[in-house]
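Here's the structure, in structure tokens; my notes come after.
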């Protein structure tokens, strides 16, 4: 282990380290703590300029209900769910199929196709913006939930395929080989042999794509106009305009937007991290 | 073996063709849905953008449903060359790229600090990772508020450092300050640095987690061997640990480059490219140009997108080349 385990450095260093940890964490998360505290303040504190001291009154319930009653926050949250969940389902399913094809079969264009998916995953969104927006307007998908999740699903398929292909490639090839010798049909090999083995990859991708798409802001602006199809990220920005100088309400709305991905991360931490390292650092 | 293949000829020819070419056809069935989807929404639009950048178009169609775009050749690119906003954005993109790279060493530093095994360490590590999980919109809002000269942290710190608190006879508190607190996001000179600093916060967290996983995989026997040879501290880090962290470093650099060039959310939230376009980057300038209140300029916007795409392509090619080397080395 590097650096040297602190236990070997004597009690002073160990206690010092353990005492310093929470301090460091406090400083690191200070911005987040500040909005958490602000989200339970009353308007009085904000107007009096008391934004960093101890709150003079606690308005947890009032503030959060105010966000829901005075704005479209509930619609935004629901929209985010309706956009995110289908995206995850579609992109991960497509990637299981494509990843299997690219990892198991040896054909000439397998590697170029794989690189196409990888490259597509890294391109700037702006190169897609005008055509995708135009296409959405033409097909009536502009300003709809479906318009957003179809695009996200297609785009995220690139990343998912990259991940899935590498994951399947690392499985023992003998399994597939022996199933073929037994005469098992190709789709059955996929369904009964490979799919059960890629469950960890599916979990990793599901949490990651959920977080990516939940936090999307760019496409929410490009593909929506009104309130009806806006996800929470774009909603929070709208709220910021609506609740000018009502920092306690903006903070509460921001935290609401942050909760689902944070919860996702905590529940599936191991998978999340495995996904982030692109499967390269095991 | 010869007679083993004979019964095949008794089967209907179609089935035998299928079964003989099974391994050549099957992958396309598995690939088709993803490929079709990806072609429609990603590959196609890239070429369409390249094409559209040669047109002037406000995004409208005439009554017959034909696009009103007019072909103007490379005029959009000529205009870009003379567009000061474009150059400001490009310079800012370079600034983002260079300064964002700080996330890699800083992430490594925090990872080294956290790579211990005291009680509760797992929780500490995940809490340190928090900034990456939350939306950049929220990060942008938080930092926009932090930088606020009147009631943000910057304002408060300034007050504490440069202001003298005086209480008059009636008991009212007044502040006498040496100048006014800096308004970072309204200053054309510093606003970009302010946004980059905010952007670094989640990016450092990302690099940290990559390095934590990397450190976890450093071969312990090599470290022990290094210790026996008297290596410690910096020497150990440089000669023994760092080489083993190469895969983590590669990914950290990749995601940081991509993150820097993709930066959009923070700018849109914190300054919308202002003041006077001084914080624009290509991604935001493109958006602003293509969809603005003053009418849509799809052609010109596409030209900006093509430039950004070309820059990104340099990096993408390098990444793919590295991956290709690995593939060749692999199987």
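The values are calculated or read from the model by the stated rules, or taken from the named source; none is laboratory data. Owing to the predicted nature of the structure, the values given are computational and were not obtained by experimental measurement. All Cβ positions, glycine included, derive from the backbone under ideal geometry; neighbour counts span all protein chains shown.
Would you please name the residue that is farthest from the other protein chains (Cβ to nearest Cβ), looking only at residues in the range A:106-117 that are surrounded by fewer than 23 Cβ atoms within 10 Å (Cβ to Cβ) and part of a helix (DSSP H, G or I)? Reasoning before the result, please.
Our first condition is that a residue be surrounded by fewer than 23 Cβ atoms within 10 Å (Cβ to Cβ); within the range A:106-117, this holds for A:106-113, A:115-116.
Still in the running and part of a helix (DSSP H, G or I): A:110-113, A:115-116.
Details: A:110: 7, A:111: 7, A:112: 10, A:113: 7, A:115: 5, A:116: 7 Å.
My answer is A:112.
Go through (1) under 17 Å from residue A:165 (Cα atoms); (2) buried (at least 20 other Cβ atoms within 10 Å of the Cβ); (3) more than 9 Å from chain B (Cβ to nearest Cβ) and name the single condition residue A:100 misses. The failed condition is (3). Comparison of B:137, B:104 shows that the only residue that is more than 8 Å from chain A (Cβ to nearest Cβ) and buried (at least 16 other Cβ atoms within 10 Å of the Cβ) is B:104.
Against the conditions (1) at the interface with chain A (Cβ under 8 Å from one of its Cβ atoms); (2) touching a residue at least 24 places away in the same chain (Cβ under 8 Å), residue B:80 satisfies every one except (1). Residues of the range B:314-331 that are in a helix (DSSP H, G or I) and over 16 Å from residue A:118 (Cβ atoms): B:329 alone.
Any chance the range B:241-261 includes a residue that's at the interface with another protein chain (Cβ under 7 Å from one of its Cβ atoms) and either touching a residue at least 60 places away in the same chain (Cβ under 8 Å) or not in a helix (DSSP H, G or I) (or both)? There is at least one residue in the range B:241-261 that is at the interface with another protein chain (Cβ under 7 Å from one of its Cβ atoms) and either touching a residue at least 60 places away in the same chain (Cβ under 8 Å) or not in a helix (DSSP H, G or I) (or both).
Residue count for the range A:184-212, restricted to those that are touching a residue at least 24 places away in the same chain (Cβ under 8 Å), more than 17 Å from residue A:169 (Cα to Cα) and within 13 Å of chain B (Cβ to nearest Cβ): 5.
When the range A:74-97 is filtered for residues that are under 30 Å from residue A:241 (Cβ atoms) and within 14 Å of chain B (Cβ to nearest Cβ), the ones remaining, listed by number, are A:76, A:77, A:80, A:83, A:84, A:86, A:87.
When you go through A:240, A:221 one by one, which is the residue that is over 14 Å from the mean Cα position of the chain (by Cα), at pLDDT below 85, at the interface with another protein chain (Cβ under 9 Å from one of its Cβ atoms) and assigned to a helix (DSSP H, G or I)?
Values: A:221 fails: at pLDDT below 85.
Just one listed residue meets the conditions, A:240.
The listed residues are B:269, B:311, B:304, B:291, and the only one of them that is touching a residue at least 60 places away in the same chain (Cβ under 8 Å), at the interface with chain A (Cβ under 10 Å from one of its Cβ atoms) and farther than 30 Å from residue A:113 by Cβ turns out to be B:269.
Each row is one residue, and each column tells you yes or no for (1) under 26 Å from residue B:283 (Cα atoms); (2) in contact with a helix residue (DSSP H, G or I) (Cβ under 7 Å, 6 or more places away or on another chain).
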| site | (1), (2) |
| --- | --- |
| A:183 | no, no |
| A:188 | no, no |
| A:191 | no, no |
| A:201 | no, yes |
| A:207 | no, yes |
| A:219 | yes, yes |
| A:238 | yes, no |
| A:249 | no, yes |
| A:258 | yes, yes |
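Taking the numbered list (1) part of a helix (DSSP H, G or I); (2) surrounded by fewer than 19 Cβ atoms within 10 Å (Cβ to Cβ) in turn, residue A:131 passes all entries but (2).
Assigned to a strand (DSSP E or B), in contact with a helix residue (DSSP H, G or I) (Cβ under 9 Å, 6 or more places away or on another chain) and without any contact (Cβ under 8 Å) to a residue 12 or more places away in the chain - does that describe any residue in the range B:151-171?
Of the range B:151-171, the ones assigned to a strand (DSSP E or B) are B:163-167.
Subset that is in contact with a helix residue (DSSP H, G or I) (Cβ under 9 Å, 6 or more places away or on another chain): B:165.
From what's left, without any contact (Cβ under 8 Å) to a residue 12 or more places away in the chain: B:165.
Yes, the range B:151-171 has at least one match.
Among the residues of the range A:23-45 satisfying the criterion of being more than 8 Å from chain B (Cβ to nearest Cβ) and farther than 22 Å from residue A:259 by Cα, which is modelled with the highest pLDDT? Top of the filtered list is A:23. If you check residue A:7 against the conditions, is it at the interface with chain B (Cβ under 10 Å from one of its Cβ atoms), surrounded by fewer than 14 Cβ atoms within 10 Å (Cβ to Cβ), over 23 Å from residue B:131 (Cα atoms) and modelled with pLDDT under 85? Judged against the criteria, residue A:7 is a match. For the range B:12-24, the criterion of a residue being within 9 Å of chain A (Cβ to nearest Cβ), assigned to a helix (DSSP H, G or I) and in contact with a helix residue (DSSP H, G or I) (Cβ under 6 Å, 6 or more places away or on another chain) is satisfied by no position.
Can you pull out the residues in the range B:41-56 that are buried (at least 20 other Cβ atoms within 10 Å of the Cβ) and either within 12 Å of residue A:155 (Cα to Cα) or modelled with pLDDT under 90 (or both)? B:41, B:42, B:45 - these are the residues of the range B:41-56 that are buried (at least 20 other Cβ atoms within 10 Å of the Cβ) and either within 12 Å of residue A:155 (Cα to Cα) or modelled with pLDDT under 90 (or both). Output the residues belonging to the range A:73-94 that are buried (at least 18 other Cβ atoms within 10 Å of the Cβ) and more than 17 Å from the chain's Cα centre (by Cα). Listed by number, the residues that qualify are A:73, A:94.
Condition (residue is closer than 30 Å to residue A:1 by Cα, exposed (fewer than 15 other Cβ atoms within 10 Å of the Cβ) and in contact with a helix residue (DSSP H, G or I) (Cβ under 7 Å, 6 or more places away or on another chain)) applied to the range B:202-213: is it met by at least one residue? No: zero hits. Whenever a residue of the range B:42-67 is within 17 Å of residue A:132 (Cα to Cα) and facing another protein chain (nearest Cβ under 9 Å), its partners that are at pLDDT below 95 and in a loop (DSSP other than H, G, I, E, B), lying with C-beta atoms within less than 6 angstrom and at least six residues away or across chains, give the pairs B:57/B:69; B:59/B:296.
Return yes or no: is residue B:138 within 30 Å of residue B:249 (Cα to Cα) and outside any helix (DSSP H, G or I)?
Details: within 30 Å of residue B:249 (Cα to Cα): yes; outside any helix (DSSP H, G or I): no.
Judged against the criteria, residue B:138 is not a match.
Quick one: would you say residue A:54 is touching a helix residue (DSSP H, G or I) at 6+ places or on another chain (Cβ under 7 Å) and either without any contact (Cβ under 8 Å) to a residue 60 or more places away in the chain or over 30 Å from residue A:117 (Cβ atoms) (or both)? Before the answer, list the steps.
On the way: touching a helix residue (DSSP H, G or I) at 6+ places or on another chain (Cβ under 7 Å): no; either without any contact (Cβ under 8 Å) to a residue 60 or more places away in the chain or over 30 Å from residue A:117 (Cβ atoms) (or both): yes.
For residue A:54, the condition - touching a helix residue (DSSP H, G or I) at 6+ places or on another chain (Cβ under 7 Å) and either without any contact (Cβ under 8 Å) to a residue 60 or more places away in the chain or over 30 Å from residue A:117 (Cβ atoms) (or both) - is not met.
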